[in-house]
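The values are calculated or read from the model by the stated rules, or taken from the named source; none is laboratory data. A quick note: this is a predicted structure, and the numbers were derived from the prediction, not measured. Don't worry about glycine lacking a Cβ; one is built from the backbone with ideal geometry, like all the others, and counts go over all protein chains shown. Ligands, DNA and RNA are excluded from the accessible area calculation, which covers all protein heavy atoms including side chains. Shrake-Rupley method; radii C 1.70, N 1.55, O 1.52, S 1.80 Å.
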Amino acid sequence: MSAGWVAGVTRSRAMRSRSLGTAGVREVASAPTLDDALRYLSGTAYRRDLDPGASLAEAQRTVGATLLWHLRVLAGWQPRGGAAAIRALAAGFEISNVEDRLRALSGADSAGSFRPYRLGTLETVWPRLSRAGSPSELRSGLAASVWGDPGADSPAAVATGMRVSAAVRTAAAVPEAVRWAAGRLALLFAREVFLLGRRPTEPSVRRAARLLGQDAVSAASYSDFRQHLPGTARWVVEGLDAASDLWRAEARWWDRVDRDGAELLRASRLGSGPVVGAVAVLSTDAWRVRGALELAARGGGPPEAFDAPA
């Protein structure tokens, strides 16, 4: 096990070179056109499968796919515990594939659709779900897997249910990521209930209560929700007095993940800490690059101008 962690931690620290960092993100964001931004990215670790004539959506998708590739490479160097942590932290890619599959099953316009992310060893149940012939069959596949029953087969119920499940499982499997998972879940729950007026299904509410507490998920108002959140989740909405301010918490959440990840990477001990830190730093960098590309498509500007989610 020690030899495995030596290789895994060494690779984790080396993977930090795959990120652009603050200076690189600023270069992308300040590009006067999307084409200029893509030319810059073509000389970086994000060049994999990058089409110089890509649309904004295509370029952002490629950035995500490149992040996934880096995580797959990183997972290949890990002992079982490190690979399991990466799989939990990369759950969003499988969620994205399922959302796309649901849109296809509902007959939605496929003009803007993408090929599924290639998950490799980071998949859990995607191969089975990719063959689902109806929303109800897809829901049954989820219910029989580690994801659990989302409570309904509508796109909204499945998307929310999977994100709630991912947060709860990540908190249980990755001790270093408990605050990230709880904070992310708090944002998701608050947006669904207090912005969209859409209460999650009962199975999702029960799962969310494991991280947020029963009093929080039962709260009738946003202020009561904030008050009853545990400390592991309250930090992300601290000082945000109205649900309409929740958009500000997105960048706060990513900044926290980035800072914590950098600290974990600097840790000298062997184990999952530096591995989790590498995933955090790489993921934050990709999120910022996606936002920077949108700024370039608008004519360029400082990254600080992009506060909303990419």
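What does the net charge come to around Phe93 if you take all other residues with beta carbon closer than 12 Å to its beta carbon, with K and R at +1 and D and E at -1?
So the environment of Phe93 carries a net charge of 0.
Counting only other residues whose beta carbon sits under 9 Å from that of Ala132, what net charge do I get with K and R as +1, D and E as -1?
Summing Lys and Arg as +1 and Asp and Glu as -1 gives +3.
Tally up the carbon and sulfur contribution to the accessible surface of the chain as a whole percent, 1.4 Å probe, everything protein left in place.
51 percent
Taking the C-alpha atoms of the chain, how large are the radius of gyration and the largest Cα-Cα span, Dmax, in Å?
In order Rg, Dmax, the Cα atoms of the chain give 19.2, 52 Å.
Rounded to two decimal places and with Rh computed the Kirkwood way over Cα pairs, what is Rg over Rh for region 164-248?
Computed over Cα atoms, the ratio is 0.93.
Find out how many positive minus negative residues lie around Leu34, taking Lys and Arg as positive, Asp and Glu as negative, among other residues whose Cβ is under 15 Å from that of Leu34.
-2
For region 179-228, report the accessible area per residue in Å² (1.4 Å probe, heavy atoms, rounded to an integer).
46 Å²
In µm²/s, what is D for region 1-96 at 10 °C and 1.306 mPa s, where D = kT/(6 pi eta Rh) by Stokes-Einstein and Rh is the Kirkwood radius from Cα pairs?
Using the Kirkwood radius from Cα pairs, D works out to 108 µm²/s.
With helices defined as uninterrupted DSSP H runs, which ones in the chain have an alpha carbon span along their own long axis of at least 27 Å and mean Kyte-Doolittle hydropathy of at least -1.0?
Those that clear 27 Å and a mean of -1.0 are 56-76, 272-297.
How long are the semi-axes of the equivalent ellipsoid of region 54-135, taking √(5λ) for every eigenvalue λ of the Cα gyration tensor, in whole Å from largest down?
That gives 25, 17, 8 Å for the three semi-axes.
Charges at C-beta only: +1 for Lys and Arg, -1 for Asp and Glu. How large is the resulting dipole of region 198-293 about its Cα centre, in Debye rounded to 20?
Charge dipole of region 198-293: 260 debye, to the nearest 20.
Quick one: Cα centre-to-centre distance for region 205-221 and region 5-65, in angstrom?
Measuring centre to centre over Cα atoms gives 38 Å.
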